[in-house]
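Engineer: Structure below; questions to follow.
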Amino acid sequence: MPDWRMKGNYLKNCNCVPSCSCDTSGFPSPHDNCEGVVGMLIEEGHFDGVDLSGCKWAGTVYWPGALHEGNGTMEVFIDEGASEEQRDALGQILSGSAGGTFFEIIASIITTLHGPYFVPIDFKFDKGERRAHLSVPGYVETTSEPLTIPATDEVQRVIVQMPGGFEYKEMEVAQTGTLKSTGDVKFDHSGTHSSLAEVDHTPAGLAA
């Protein structure tokens with residue numbers, strides 16, 4: 001098994017209501033299907049001697065029902081600034097072939113894969129402010145913003161902890177301003193769920 005690590009900023013924006021029932025009950029809500037985008041900016045990382053620091057990747061996903069029921073579709077993007085060695089390393093990690101619980105699980109519930117495409121990725125991320133912007137020009141545009149209390153319009157902070165989580169162990173809950181994909185996986189939402197997290201993935205699973 002290759003020696004690798006990906007530590008950095010992780011974003012998941014999906015069509016669930018904020019806090020994401022897929023993370024809690026295991027079933028999407030209010031829709032019967034699950035769709036959205038995930039992305040990561042690697043602050044520290046390597047793959048068998050190849051430095052991955054600064055690399056960015058993203059993926060749009062769709063499942064017709066709950067994730068564990070499978071039959072999903074995924075479109076993968078890797079930032080065009082990655083070298084050939086970095087592209088190969090990230091391809092192995094994202095495919096689940098290099099280990100890592102989260103990526104192995106995703107690979108097992110995806111039946112249709114598009115990409116990877118090597119394209120520009122713009123990723124801005126502020127976990128403390130619950131704000132993010134992920135853009136893959138021509139394919140994906142999504143923003144995250146803080147939750148608010150409807151009665152007062154005050155900003156509300158919600159943190160979800162998942163000690164046994166394989167995607168993240170803690171996330172700041174936000175809401176989407178925009179969640180739109182026009183590639184092979186298509187959707188258009190707003191006011192839905194957003195997770196902002198710091199993650200540390202390894203072949204053995206999620207370290208933090």
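The values are calculated or read from the model by the stated rules, or taken from the named source; none is laboratory data. Everything numeric in this text was worked out from a predicted model, so none of it was measured. Reconstructed Cβ throughout: ideal geometry from the backbone, glycine too, with neighbour counts over all protein chains shown. Areas reflect the complete protein model, heavy atoms only, side chains present, ligands, DNA and RNA absent. Shrake-Rupley method; radii C 1.70, N 1.55, O 1.52, S 1.80 Å.
Engineer: For Ile78, work out the one condition from (1) within 27 Å of Asp126 (Cα to Cα); (2) open to solvent by 20 Å² or more (accessible area, probe 1.4 Å) it doesn't fulfil.
Structural biologist: (2)
Engineer: Right, another one. Just one of the numbered conditions (1) modelled with pLDDT of 95 or more; (2) surrounded by fewer than 18 Cβ atoms within 10 Å (Cβ to Cβ) is not true of Met1; which one?
Structural biologist: (1)
Engineer: Do we find that Ala107 is open to solvent by less than 60 Å² (accessible area, probe 1.4 Å), within 15 Å of the chain's Cα centre (by Cα), at pLDDT 95 or above and among the hydrophobic types (A, V, I, L, M, F, W, C) in this structure? Steps first, please.
Structural biologist: Numbers: open to solvent by less than 60 Å² (accessible area, probe 1.4 Å): yes; within 15 Å of the chain's Cα centre (by Cα): yes; at pLDDT 95 or above: yes; among the hydrophobic types (A, V, I, L, M, F, W, C): yes.
Spelling it out, Ala107 is indeed open to solvent by less than 60 Å² (accessible area, probe 1.4 Å), within 15 Å of the chain's Cα centre (by Cα), at pLDDT 95 or above and among the hydrophobic types (A, V, I, L, M, F, W, C).
Engineer: Which of (1) under 27 Å from Pro2 (Cα atoms); (2) in contact with a helix residue (DSSP H, G or I) (Cβ under 8 Å, 6 or more places away or on another chain) is the odd one out, the single condition Met40 does not satisfy?
Structural biologist: Failed condition: (2).
Engineer: Here's something else I'd like to know. Can you find, within region 178-203, the residue that is least open to solvent (accessible area, probe 1.4 Å) among those that are over 24 Å from Leu90 (Cβ atoms) and outside any strand (DSSP E or B)?
Structural biologist: Result: Thr192.
Engineer: Moving to a separate point now. Does Phe187 count as within 16 Å of the chain's Cα centre (by Cα) and more than 14 Å from Asn13 (Cα to Cα)?
Structural biologist: Numbers: within 16 Å of the chain's Cα centre (by Cα): yes; more than 14 Å from Asn13 (Cα to Cα): no.
No.
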